[in-house]
Amino acid sequence: IVAFAKGLIEKYDKDTVRMAYAIFRNESGNGKYGVNNNYAGIQADAGVWKCLPGVPIGTTVKIDNAGDTRRFLVFNKSFGYQISFELLCIKIVERGIRTTNDYYDKWVAVPRLKTESAVKNFNSLLNSSKTEIK
């Protein structure tokens with residue numbers, strides 16, 4: 001994922017790629033958990049995704065981190081991490097996500113999930129992205 005992320009620096013600015021890397025790690029348990037190869041928690045019931053950098057192969061219904069039943073996009077196993085990561089870059093630019101607070105306010109958008117410990121953990125991921133994505 002780091003090599004793929006570095007390859008996007010010419011297309012997106014470095015801070016966007018670093019934020020995408022931190023969100024990717026946070027949403028997917030460091031790349032271990034993807035809802036059917038969807039590593040960014042991209043929901044199919046959250047509107048129309050006109051900017052998808054790849055084609056979903058279906059949808060699935062799961063309980064999200066807030067405890068709500070949601071429909072998520074499903075991606076091909078070979079490209080799911082790439083589609084997820086690039087869509088994060090696109091949405092970070094569109095929503096102006098630059099800080100940890102922006103992430104919680106503009107991506108997570110569930111106030112009860114913005115705990116002191118969660119913010120501290122995300123800050124750690126964001127700081128480590130600066131050493132991994134140069």
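Quick look at the numbers
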| quantity | calculated |
| --- | --- |
| Residues that are surrounded by fewer than 18 Cβ atoms within 10 Å (Cβ to Cβ) and not in a loop (DSSP other than H, G, I, E, B), drawn from segment 36-69 | 58, 59, 60, 61, 62, 63, 69 |
| Near pairs, Cβ below 7 angstrom, 6+ apart or cross-chain, from segment 64-77 (at pLDDT below 85) to any residue that is surrounded by 11 or more Cβ atoms within 10 Å (Cβ to Cβ) and not in a loop (DSSP other than H, G, I, E, B) | 64/70; 65/113; 66/113 |
| Enumeration of residues in segment 1-35 that are assigned to a loop (DSSP other than H, G, I, E, B), under 16 Å from residue 72 (Cα atoms) and in contact (Cβ under 8 Å) with a residue 24 or more places away in the chain | 34, 35 |
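Quick grid of which residues meet (1) free of Cβ contacts under 8 Å to residues at least 24 places away in the same chain; (2) part of a loop (DSSP other than H, G, I, E, B); (3) open to solvent by less than 90 Å² (accessible area, probe 1.4 Å):
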{"position": "81", "(1), (2), (3)": "no, no, yes"}
{"position": "88", "(1), (2), (3)": "no, no, yes"}
{"position": "93", "(1), (2), (3)": "no, no, yes"}
{"position": "98", "(1), (2), (3)": "no, yes, no"}
{"position": "101", "(1), (2), (3)": "yes, no, yes"}
{"position": "107", "(1), (2), (3)": "no, no, yes"}
{"position": "120", "(1), (2), (3)": "yes, no, no"}
{"position": "125", "(1), (2), (3)": "no, no, yes"}
{"position": "130", "(1), (2), (3)": "no, no, no"}
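The values are calculated or read from the model by the stated rules, or taken from the named source; none is laboratory data. Not measured: the values here are computed from a predicted model. All Cβ positions, glycine included, derive from the backbone under ideal geometry; neighbour counts span all protein chains shown. Surface areas here come from the heavy atoms of the whole protein model, side chains and all, with no ligands, DNA or RNA. Shrake-Rupley method; radii C 1.70, N 1.55, O 1.52, S 1.80 Å.
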